[in-house]
Amino acid sequence: MTDQDTYRNIAEYYDYMHEKNPEREKFFATIFRDNGVKTVLDCACGTGGDLLMFHSLGVEVTGSDLSDSMLDRARQKIEKNHLPIALSKVDFHKLSDYFNKKFDAIVCLSNAVNENDIVIDKALKSFKSVLNKNGIIIFDQGQTDFTMKNPLKYFPVVNNRDFTRLFIMEYNNDVMKVEVFDFLHTEEENDFRHSEFFIKIRLYSDWQTILEKAGLTAEFYGDWNFQKYSPSESKRLIVVAKKK
């Protein structure tokens, strides 16, 4: 993972595409309760929306990210709400270099684990290094066996009166290039920004092999309602893993 802030151009408007999702919140509340989770490290916390949500569930929350621009946004939210949430700039390949404590849950959400410069074996080893004995690792992605049969070429993520965000996707073997086009069109401001990201496409069988090699067992879900992952139907892939 490089130290270049690839999120610089989208951090300011990042939250436009995230709406409150009660089903998703219930998923984490249930997973945390059933696994006795008291401490959580969100190791790709972005602008911090999930940090606030996790805190509302009654757990002790720590956030880290490698993007200064995203951390700035997260810090603003934490300070505005006067919350006791620690933030650090950390490469999640090297968590044990920064944290001398262990956590009940490590979360790495919204495809962060699949960015193309991630060394997945090293990342999972890093997650395990700061995970309590009976802890859990949670990550998710929008690419599934079903959706990749007819992969989207473009997707209007947000389109309202003030803001438009358009994703355009290109596929090269197992790598997806995502170009992000942001248009801000209010009476006060007219702005355009462009960013691009490269995502490694990993599907169900890939994750089975990777997790086995990493010494992890896992449950696979196809949605936040705990529906079991179905290669023929699911439109999201959610992994809840534990040490063997």
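Residue-by-condition table, conditions (1) part of a strand (DSSP E or B); (2) assigned by TED's automatic domain parsing to the domain that holds residue 68:
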{"position": "100", "(1), (2)": "no, yes"}
{"position": "110", "(1), (2)": "no, yes"}
{"position": "125", "(1), (2)": "no, yes"}
{"position": "132", "(1), (2)": "yes, yes"}
{"position": "136", "(1), (2)": "yes, yes"}
{"position": "152", "(1), (2)": "no, no"}
{"position": "156", "(1), (2)": "yes, no"}
query: Considering only residues of the range 139-154 that are among the polar types (S, T, N, Q) and surrounded by 14 or more Cβ atoms within 10 Å (Cβ to Cβ), which is nearest to residue 32 (Cα to Cα)?
result: 141
- prompt: When you scan the range 49-65, how many residues do you find that are buried (at least 23 other Cβ atoms within 10 Å of the Cβ) and closer than 15 Å to residue 10 by Cβ?
  reply: 1
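Yes or no, residue by residue, for (1) aliphatic (A, V, I, L, M); (2) in contact with a helix residue (DSSP H, G or I) (Cβ under 8 Å, 6 or more places away or on another chain):
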site: 148; (1), (2): yes, no
site: 153; (1), (2): no, no
site: 161; (1), (2): no, no
site: 190; (1), (2): no, no
site: 199; (1), (2): yes, yes
site: 202; (1), (2): no, yes
- prompt: Any idea how many residues of the range 214-235 are surrounded by 16 or more Cβ atoms within 10 Å (Cβ to Cβ) and under 19 Å from residue 32 (Cβ atoms)?
  reply: 6
field: Of all residues in the range 2-37 being charged (D, E, K, R) and surrounded by 13 or more Cβ atoms within 10 Å (Cβ to Cβ), the one that is farthest from residue 127 (Cα to Cα)
entry: 12
- request: Determine whether residue 191 is of a type in the set (D, E, K, R) and assigned to a strand (DSSP E or B).
  value: yes
message: Can you find a residue that is closer than 24 Å to residue 6 by Cβ, under 18 Å from the mean Cα position of the chain (by Cα) and in contact (Cβ under 8 Å) with a residue 60 or more places away in the chain anywhere in the range 73-84?
response: yes
message: Let me confirm something: among 182, 162, 223, 206, which residue is touching a residue at least 12 places away in the same chain (Cβ under 8 Å), acidic (Asp, Glu) and closer than 28 Å to residue 127 by Cβ?
response: 223
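The values are calculated or read from the model by the stated rules, or taken from the named source; none is laboratory data. Bear in mind that the values here come from a model prediction, so they are computed numbers and not experimental data. Cβ atoms come from the backbone with ideal geometry, glycine included; neighbour counts cover every protein chain shown.
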